[in-house]
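All of the numbers you see were taken from the coordinates with simple rules; none came from a lab. Just so we're clear, the structure is a prediction, and the values are computed from it rather than from any experiment. Don't worry about glycine lacking a Cβ; one is built from the backbone with ideal geometry, like all the others, and counts go over all protein chains shown.
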Amino acid sequence: MTIQVFRTVRELRQWRRSLPFEDSLGFVPTMGALHDGHISLVSKCLEENDHTVVSIFVNPSQFAPNEDLNSYPRTFPQDLERLQEIMVNGHGVDAIFAPTVPEMYPSGITLQVEEQKGAFVSVLGLSEQLEGKTRPNFFRGVATVVTKLFNAVGCDKAYFGQKDIQQTVVLKRMVRDLLMPVEIVVLPIVREDSGLAMSSRNTYLSAGLRSKSSDIYLALNKGKEQYHKGGDRDSILKAVLDTLTDDSFQVDYVSLADPVELQEVVGSVDKTTGAILSIAVYVKEDGRTTRLIDNVILQ
Ligand code: PAF
């Protein structure tokens, strides 16, 4: 299966215009280093749409100056090979959009937010808590690049993983508030056999730590058990924290929040709305620290 690779918005739009008007176009935005989680999004996209575009772009504006923009895994040849192998109902990915940084940021981009120039998108009220506390400009970077990608691709539906659950809440609000004609589809977390949520950053971990990090999912499940036993916020969070006692782990946050406004639950979970039990953990070995996130939905 030959996939067209477009590096410029102009080429991508030209191809988009050549598609029959009534055909549906699905889109899977990624930063590459594709794993089975991404593949599940692409497969669903192929199943639900006449055409599929996957983007591969490591977006500078969602990285802080102290984060891993330079070392983030870039594996384009392997990504292309994996995408070429996926076929659903006899059709595969039509196009990859893999632009350069200047193509996506015509006004330039620096990681120093105070020095940035040009247009950016912020989703206020949902970007400051949870991930936003440790990564204050992360969702501004995500909302900005996803807006640009939607403008470039012209998709009907876009596919995201539940692992980055706050990202999905932010993007659903963005398309609603900015009247974007795109449906956001969220698919379940794909896990390694151990239970660890798949992430491109898992490649930073040794085999031993990777296997130990499955305790993060175990901890969330302990919290979920408490919820099903009728436990309140305190007992749910305690069950999670009591499971993560190993010295390799430093918990950044554990949160029990409502699924729409991402406000922390006080007392007991309202069963009609449910809640998101989410966590961020620094896992450490040999002087290297990797931050992992995971979540489960309580309903
Ligand atoms: O989830 C990701 O990989 C990224 O945040 C996204 C949505 C591709 C934007 O850069």
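Taking each of K163/K212; K157/K224; K148/K212 in turn, the alpha-carbon distance tops 29 angstrom for K157/K224; K148/K212. Spatially, segment 50-103 and segment 111-160 are offset by 17 Å when compared through their Cα centroids.
Taking every DSSP beta bridge that has both residues in the chain, what percent is antiparallel when rounded to the nearest 5? Let's see the in-between values first.
Working: 22 of 41 bridges.
DSSP beta bridges in the chain are roughly 55 percent antiparallel.
Approximating the spin labels as points 7 Å out from Cα along Cα→Cβ, the W15-to-E115 distance works out to 3.5 nm. Starting from the Cα of K117, draw a straight line to each of the aspartates and glutamates and keep only those under 16 Å, dropping any in the same chain fewer than 8 residues away. List returned: E103. Over the chain, dividing the summed -39,500 (n - 2.57) contributions of all DSSP H runs of at least 4 residues by the number of residues returns a 222 nm mean residue ellipticity of -10000 deg cm²/dmol.
Annotation for segment 1-74: GluC sites (Glu not before Pro) lying in DSSP loop with at most 12 further Cβ atoms inside 10 Å of their Cβ are E22. Counting Lys and Arg as +1 and Asp and Glu as -1 over every other residue whose Cβ lies under 11 Å from the Cβ of S61, the net charge comes to +2.
Report the local net charge at E11: Lys and Arg +1, Asp and Glu -1, summed over other residues whose C-beta lies under 12 Å from its C-beta.
On the way: positive: R7, R10, R13, R16, R17; negative: E103.
So the surrounding residues net to +4.
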